[in-house]
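The values are calculated or read from the model by the stated rules, or taken from the named source; none is laboratory data. Everything quoted here is computed from the prediction, not taken from an experiment. We place every Cβ from the backbone using ideal geometry, glycine too, and count neighbours over all the protein chains shown.
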Amino acid sequence: MQYGHSRVVDLSYEDALKRTEAELKERGFGVLTEIDVKATLKKKLDEDINNYKILGACNPPYAHQALQMEQELGLLLPCNVIVYTADNGETIVSSVNAKAMLSVVDNPEMDEVASEITNMLKEAVDAVADNA
């Protein structure tokens, strides 16, 4: 099982970030965290890498539902979406496969929620790529 869904997008890195956040919002997700990996590695290690941000996305109704099923689920939240510039200059948007990530949880009720979240994240990534 693949752990993510990726698409090359015909947008600049900055435009892809904005569009990704808009598409996530359209599907009920908010971005709770934003990690600028490029800036962090420069500051901590003085290493230069391509643009790379990790967006921690959360859909509150689904998060609430899942936490009611499994209190420890917070260890696996939020769902990550990444936007980065590949070495060849292409802009990539990827989302985690929540079903694969949550397969470590021993609770069969979680499967439906994980599938729905996976599909919604995939739709958001595809919308960024298809509407660029």
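Those residues that are farther than 30 Å from E112 by Cβ and surrounded by fewer than 17 Cβ atoms within 10 Å (Cβ to Cβ), I need them from the range 40-64; list them, please. Matches in the range 40-64: T40, L41, K42, K43, K44, L45, D46, E47, D48, I49, N50.
Checked against the criteria, K25 does not count as more than 30 Å from M110 (Cα to Cα), basic (K, R), surrounded by fewer than 19 Cβ atoms within 10 Å (Cβ to Cβ) and at pLDDT 95 or above. Residues being over 18 Å from the mean Cα position of the chain (by Cα), surrounded by fewer than 13 Cβ atoms within 10 Å (Cβ to Cβ) and at pLDDT below 95 are represented in the range 110-128 by at least one member. Selection over the range 1-17 of residues that are surrounded by 17 or more Cβ atoms within 10 Å (Cβ to Cβ) and either farther than 21 Å from A100 by Cα or among the aliphatic types (A, V, I, L, M) (or both) gives a count of 5. Please specify each residue of the range 29-39 satisfying the condition of being over 12 Å from the mean Cα position of the chain (by Cα) and surrounded by fewer than 14 Cβ atoms within 10 Å (Cβ to Cβ). Correct list: D36, A39.
Evaluate the following for T20: is it of a type in the set (S, T, N, Q) and crowded, with 19+ Cβ neighbours inside 10 Å? Yes: the conditions hold for T20.
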